[in-house]
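Chemist: I have a structure here, written as structure tokens, and I will follow up with some questions on it.
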Amino acid sequence: MNDLRAERLQVMLSPEELAAVDDFRFKHRMPTRAAAVRELLKFGLAAAGVDAGVGVKSSSFGVFGRGPDGHTQGDPDSGTDG
């Protein structure tokens, strides 16, 4: 997990809102609801004109590193597993 994530945000959702998040998560093959919510927040911030890390995917910030072969468990910046 990324050490920069020191804040917890609790959000209450209706069943319909949760279903929409889960549908997005599975459609985009995201590993967790948290990853899906971060990606949706990034899209929303970008639509509002806030620079949320242009060209940076939420997968670059933890959960799993992604390499050319898909998910890896190593450091995504070093290119090594472990």
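The values are calculated or read from the model by the stated rules, or taken from the named source; none is laboratory data. Remember, predicted model here, so these are calculated numbers, not experimental data. Here the Cβ is made from the backbone with ideal geometry for all residues, glycine too, and neighbour counts use every protein chain on show. Areas reflect the complete protein model, heavy atoms only, side chains present, ligands, DNA and RNA absent. Shrake-Rupley method; radii C 1.70, N 1.55, O 1.52, S 1.80 Å.
Chemist: Would you tally the residues in the stretch 9-28 being open to solvent by 70 Å² or more (accessible area, probe 1.4 Å) and either farther than 24 Å from ASP51 by Cα or touching a strand residue (DSSP E or B) at 6+ places or on another chain (Cβ under 6 Å) (or both)? Show your work before the answer.
Modeler: Step one: filter the stretch 9-28 for residues open to solvent by 70 Å² or more (accessible area, probe 1.4 Å), giving 9-13, 15-17, 23, 26-28.
Then drop every residue that is not either farther than 24 Å from ASP51 by Cα or touching a strand residue (DSSP E or B) at 6+ places or on another chain (Cβ under 6 Å) (or both), which leaves 12-13, 15-17, 23, 26-27.
Of the residues in that region, 8 qualify.
Chemist: Here's another thing I want to ask about it. Suppose the filter is assigned to a helix (DSSP H, G or I), within 15 Å of LEU4 (Cβ to Cβ) and modelled with pLDDT of 80 or more; does ALA19 pass it?
Modeler: Against the criterion (assigned to a helix (DSSP H, G or I), within 15 Å of LEU4 (Cβ to Cβ) and modelled with pLDDT of 80 or more), ALA19 does not qualify.
Chemist: Looking at (1) loosely packed, with under 13 Cβ neighbours inside 10 Å; (2) over 14 Å from the mean Cα position of the chain (by Cα), which one does ALA46 not meet, given that it meets all the others?
Modeler: Failing condition for ALA46: (1).
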